1. Quickly work out the L196-to-S232 label distance, labels modelled 7 Å from Cα along the C-beta direction, and quote it in nm with one decimal.
2. Would you kindly state how much longer the chain becomes between K215 and A164 on full extension, computed as 0.36 nm times their sequence separation minus their alpha carbon distance, in nm to one decimal?
3. Tell me, what is the per residue accessible area of the chain in Å², probe radius 1.4 Å?
4. Can you pull the accessible area of E146 for me, 1.4 Å probe, Å² to the nearest 10?
5. Is the shape of the chain rounded, prolate or oblate, going by the alpha carbon gyration tensor and its root eigenvalues a ≥ b ≥ c, with a/c under 1.5 for rounded and a/b larger than b/c for prolate?
6. How large a share of the accessible area of the chain, in percent, is made up of carbon and sulfur atoms when the probe is 1.4 Å and the other protein chains stay in place?
7. Order of 136-144, 35-43 by packing, highest average Cβ count within 10 Å first?
8. What number, rounded to the nearest 500 deg cm²/dmol, is the helix-based mean residue ellipticity at 222 nm of the chain, given -39500 (n - 2.57) per DSSP H run of at least four residues and division by all its residues?
Amino acid sequence: MKFSGNNVLVTGSSRGIGSEIAKTLAGFGLKVWINYRTGAKEADAVKETIEEAGGKAAVIGFDVSDEQAFIDAIKTIIDSDGELSYLVNNAGITKDKLALRMKTDDFMSVINANLTSCFIGCRESMKVMRKKKFGAVVNISSIIGETGNAGQTNYAASKGGVIAMTKSFAIEAATSGIRYNSVTPGFIATEMTTILSDDIKDSINAKIPMKRMGKAKEVAEATAFLLSDYSSYITGETLKVNGGMNMA
Ligand code: NAP
């Protein structure tokens, strides 16, 4: 894949899908800014792995739901590199509970971590990318944002919001040379899913046309495509990475 830009910030890249996105983009020659909230050691380990493979990386810890911290982080990147070419809004959390028992605080904290943070990242990156008339942003949504799910009204609302918001940013930024797209992973094998019992894994796999969970690497490669020059005429798109679930 070909990239005209030079660097990328990947939020929530100390582990899981985000760390795979960071390693994949570093493999394509981008300098990767690895973000974490609590996992400083894990973030350092991702940086080491990238550097051992000959790539360029830096670690930047901040909470994506803290607006000023996000703004300061982008300033740090600009002060260091003189630009921000790409952003992947990947950090996300779940706080599952059936709606009747869900406290408003648990609804709002997921909205803030998954959707408001994404808005801040999209807006702040637009401010710096439009100066160079170049940039691309990928927002990591979820199949749950397309289908809804019992016990996940907060998560579904946040991820559905990400899809619609991405399209709105795409329209507003189209003439500024910035593309905004989202990726909706289905069931991906991460720490979250490896702890499930074999019975639960079997029942999940049975619902997937490809009969297996996805790999974080497969989400990373789809994300890389949407940032790369190979998708230069694609904006406002929602790319499903889910083994064939939920076909329209
Ligand atoms: P994960 O393994 O739980 O990793 C989450 C990452 O986000 C960690 O690096 C974590 O860092 C970071 N993070 C969480 N809250 C943060 C905050 N407020 N500020 C900064 N960093 C924060 O999650 P994952 O499974 O890789 O999921 C990554 C993304 O894909 C999420 O948006 C998720 O909703 C989406 N997704 C996942 C799946 C799946 O099957 N796994 C499916 C669909 C969509 P710390 O450890 O330092 O907190």
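The values are calculated or read from the model by the stated rules, or taken from the named source; none is laboratory data. What you are looking at is a predicted structure, and each value in this text was computed from that prediction instead of being measured. Cβ: placed from backbone, ideal geometry, glycine included. Neighbour counts: every protein chain shown. Accessible surface is based on the protein model in full, side chains and every heavy atom, while ligands, DNA and RNA are left aside. Shrake-Rupley method; radii C 1.70, N 1.55, O 1.52, S 1.80 Å.
1. Going from the S232 label point to the L196 one covers 4.0 nm.
2. Working: separation 51, 0.36 × 51 = 18.36 nm, distance 2.54 nm.
Full-extension gain reported as 15.8 nm.
3. Working: 11880 Å² over 248 residues.
Per residue, the chain has an accessible area of 48 Å².
4. Taking all protein chains as shown, E146 has close to 60 Å².
5. Working: a/c = 1.45, a/b = 1.36, b/c = 1.06.
Note, shape of the chain comes out rounded.
6. Details: 6360 of 11880 Å².
Of the solvent-accessible surface of the chain, carbon and sulfur hold 54 percent.
7. Working: 136-144: 26.2, 35-43: 17.6.
Result, highest mean Cβ count within 10 Å first: 136-144, 35-43.
8. Numbers: 10 runs with 114 residues, N = 248.
Rounded to the nearest 500, it is -14000 deg cm²/dmol.
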